[in-house]
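Chemist: Have a look at this one before I ask anything.
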Amino acid sequence: MADQQAVPVGVPLGKPLQETAVQEFAADFRGEIIRRGDDGYDAARAVFNAMFDRYPALIACCTGVADVIAAVNFARENELVVAVRGGGHSVPGYGVCDGGIVIDLSPMKGIRVDPDARTVLAQAGVMWGEFDRETQVFGLAVTGGRVTHTGISGLTLGSGSGWLERKYGLTCDNLISADVVTADGRFLRASEAENEDLFWGLRGGGGNFGIVTSFKYRLHPVGPILLGGMLLYSFSRAGEILRFWRGYMETAPDELGGAAAFLTAPPAPFVPEHMKGQIVVGLIVCYAGPPEEGEEWVRPFKELGPEVDLVQPMPYTVIQTLLDPGSPPGRNNYWKAENLYGLGDEAINTIVTHAAGMTSPFTHAVIQPMGRAINRVGEDETALGGRDAAYALHALSMWENPAESDTHIAWTREFLEALEPFSTPGISLNFTSDQSEDKLKASFGSGKYERLVALKNEYDPTNLFRLNQNIKPTANGTARG
Ligand SMILES: Cc1cc2nc3c(=O)[nH]c(=O)nc-3n(C[C@H](O)[C@H](O)[C@H](O)COP(=O)(O)OP(=O)(O)OC[C@H]3O[C@@H](n4cnc5c(N)ncnc54)[C@H](O)[C@@H]3O)c2cc1C
């Protein structure tokens, strides 16, 4: 560690942080504690979204439950701002803070599959690429993130959308139990049988109620070879392609997952010259059944005459990497999401008009079909709202030059504002950089937000865990945030 006497430690919430308190904490901590000036500090504070260049006082790299309990107690007793980091992919930058403590779970990488019971126990620092690699040894999977370096933690707690969702539901729908350290440093297990109220809140309520140290999921037979990939069509056909896709996905089986997307065609060898660098419309497919059956269901997309056809049988683990090249860490990101009642012609026209004006070649606009298994879980069964949405629209702006931020943010906001006439009151909170308080409440739905506030009052009455899609406590009149 560097000479800490020379290094100021900012403590925005309360009393000044005493060096002796830090030393006592460090003496009893098994993982690494990284402070400003230490080797590795810059790498440890970096998060996926380059818009968040923050300087925490301490980064506590936890190796297990005991470290998490020690870090929570230290943060609470010293009134520190707390950021909890799983995979570091939070687009609003919740995985890092200025001046406080980052409770970094990324060293916690344990994964144990029980192939007979078709379950897996995974620690909070696991990322989707690591998770899929282990479960696919047994031909098993759960709906998971579409980029390998997204963390299982934040994704599961906020919902968990992936290629398998129409067949197997969201990630949170497959959660069997979670081990949790609460704001008072207690260890609890939450499941249908223990602390059921907490278990309800963890499935969609984000990181509000405690730090989950491990997740136990139900698994399903998947692959290992599935039909997957992308078809690209020229932008001039966008309206026609979307109208066909909408109608087709409404009748296709649950196994056919995927999305329609607007993107800038890369200068890759498989892209025809006239398409390179142009905005194009793509259909992404992942068929969660036998590949030969998938070929039949995907044939109509091929009959539309794509200019690029990359759909073929491939390992599920490869399908899970297909979006990695387009989503590298270290770019600036501003994301907005809407849930749509349907995809009528007017909504399609609005989407096509705004997609045509995409301001960055790295940006994607993605339409996901919802419903099916997502909608078979009752609206009140979990904290997550919006299960009745027919489609989700994600405008994912990405760019490299920070001087361009205003332009890209403005495009994203204008696009989503134009979709409001077709949108449900709530949104998918995992895919948004910011939202109003009203949108946050509407995303859980009427009645459920009050239940979440009651949970927050019970498990985190002082709002220790506030860097998240925050549900503000009302208990004690002492809440921070
Ligand atoms: C490139 C990219 C691709 C994505 N793809 C998908 C996708 O396919 N499907 C999808 O649903 N979402 C996707 N997302 C959104 C993603 O679900 C959220 O960004 C999610 O928060 C990421 O989780 P994380 O652990 O990586 O993030 P972090 O930044 O580490 O954490 C995010 C939030 O969760 C809280 N948190 C993290 N770990 C814990 C824990 N163990 N206990 C309690 N609270 C915790 C943090 O406090 C923070 O509020 C994607 C995001 C990116 C950047």
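The values are calculated or read from the model by the stated rules, or taken from the named source; none is laboratory data. Computed from a predicted structure; not experimentally measured. Heads up, the Cβs are rebuilt from the backbone with ideal geometry, glycines too, and the neighbour counts pull from every protein chain shown.
Chemist: Would you check which residues across the range 320-357 are within 30 Å of A403 (Cβ to Cβ) and part of a loop (DSSP other than H, G, I, E, B) and list them?
Modeler: Scanning the range 320-357 gives L323, S327, P328, P329, G330, R331, G357.
Chemist: Sticking with this structure for a sec: Given (1) within 13 Å of the ligand (Cβ to nearest atom); (2) surrounded by 22 or more Cβ atoms within 10 Å (Cβ to Cβ), identify the lone condition not met by P107.
Modeler: With respect to (1) within 13 Å of the ligand (Cβ to nearest atom); (2) surrounded by 22 or more Cβ atoms within 10 Å (Cβ to Cβ), P107 is out only on (2).
Chemist: Just a yes or no: is a residue in the range 264-285 assigned to a helix (DSSP H, G or I), β-branched (V, I, T), crowded, with 16+ Cβ neighbours inside 10 Å and touching a residue at least 60 places away in the same chain (Cβ under 8 Å)?
Modeler: Among the residues of the range 264-285, not one is assigned to a helix (DSSP H, G or I), β-branched (V, I, T), crowded, with 16+ Cβ neighbours inside 10 Å and touching a residue at least 60 places away in the same chain (Cβ under 8 Å), which makes the answer no.
Chemist: Next up: May I ask you to say which residue of G110, G125, G64 is among the small types (G, A, S), touching a strand residue (DSSP E or B) at 6+ places or on another chain (Cβ under 8 Å) and closer than 28 Å to W335 by Cβ?
Modeler: Every option except G125 fails the conditions.
Chemist: Given the residues G289, G357, G344, which is the only one that is closer than 20 Å to S161 by Cβ, away from the ligand (no atom under 16 Å from the Cβ), surrounded by fewer than 20 Cβ atoms within 10 Å (Cβ to Cβ) and not basic (K, R)?
Modeler: From the options G289, G357, G344, the qualifying one is G289.
Chemist: Quick one: what pairs do we get from the range 138-149, first residue on the phi > 0 side of the Ramachandran plot, second away from the ligand (no atom under 12 Å from the Cβ), C-beta under 8 Å, 6+ apart or different chains?
Modeler: Listed by first residue and then by second, the contacts come to G139/P221; G139/V222; G139/G223; G139/P224.
Chemist: A follow-up question, please. Keeping to the range 110-130, report how many residues are away from the ligand (no atom under 12 Å from the Cβ) and buried (at least 24 other Cβ atoms within 10 Å of the Cβ).
Modeler: Looking only at that region, the number is 1.
Chemist: Any idea which of R133, R203, R166 is buried (at least 21 other Cβ atoms within 10 Å of the Cβ), of a type in the set (K, R) and either closer than 23 Å to G93 by Cβ or in contact with a Ser or Thr (Cβ under 8 Å, 6 or more places away or on another chain) (or both)?
Modeler: Every option except R203 fails the conditions.
Chemist: Among the residues of the range 148-199, count how many are polar (S, T, N, Q) and away from the ligand (no atom under 11 Å from the Cβ).
Modeler: Result for the range 148-199: 4.
Chemist: Based on what the data block shows, is I374 modelled with pLDDT of 95 or more, of a type in the set (A, V, I, L, M, F, W, C) and touching a Gly at 6+ places or on another chain (Cβ under 8 Å)?
Modeler: The answer is yes for I374.
Chemist: Regarding G326, is this residue under 30 Å from V47 (Cβ atoms), in contact with a Pro (Cβ under 9 Å, 6 or more places away or on another chain) and assigned by TED's automatic domain parsing to the domain that holds A265?
Modeler: yes
Chemist: Looking only at residues in the range 439-469 that are within 21 Å of the chain's Cα centre (by Cα) and part of a loop (DSSP other than H, G, I, E, B), which one is nearest to the ligand (Cβ to nearest atom)?
Modeler: Only one residue tops the list, namely N468.
Chemist: Residue pairs, Cβ under 7 Å, 6 or more apart or interchain, first in the range 300-312 and assigned by TED's automatic domain parsing to the domain that holds M230, second surrounded by fewer than 15 Cβ atoms within 10 Å (Cβ to Cβ). List them.
Modeler: Correct list of pairs: E307/P272; V308/F270; D309/K302; L310/F270.
Chemist: Separate question: Does G145 satisfy the criteria of being within 12 Å of the ligand (Cβ to nearest atom), outside the structural domain of A27 (by TED's automatic domain parsing) and modelled with pLDDT of 95 or more?
Modeler: yes
Chemist: Out of F138, F199, F131, report the one residue that is of a type in the set (A, V, I, L, M, F, W, C), assigned to a loop (DSSP other than H, G, I, E, B) and outside the structural domain of F74 (by TED's automatic domain parsing).
Modeler: The match here is F138.
Chemist: Please pick out the residue among S423, S446 that is hydroxyl-bearing (S, T, Y) and at pLDDT below 95.
Modeler: Every option except S446 fails the conditions.
For (1) touching a Cys at 6+ places or on another chain (Cβ under 8 Å); (2) surrounded by fewer than 16 Cβ atoms within 10 Å (Cβ to Cβ); (3) within 22 Å of L323 (Cα to Cα); (4) among the basic types (K, R), each residue gets a yes or a no:
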{"site": "V47", "(1), (2), (3), (4)": "no, no, yes, no"}
{"site": "I69", "(1), (2), (3), (4)": "no, no, no, no"}
{"site": "V82", "(1), (2), (3), (4)": "yes, no, no, no"}
{"site": "G88", "(1), (2), (3), (4)": "no, no, yes, no"}
{"site": "Y94", "(1), (2), (3), (4)": "no, no, no, no"}
{"site": "I103", "(1), (2), (3), (4)": "yes, no, no, no"}
{"site": "F138", "(1), (2), (3), (4)": "no, no, no, no"}
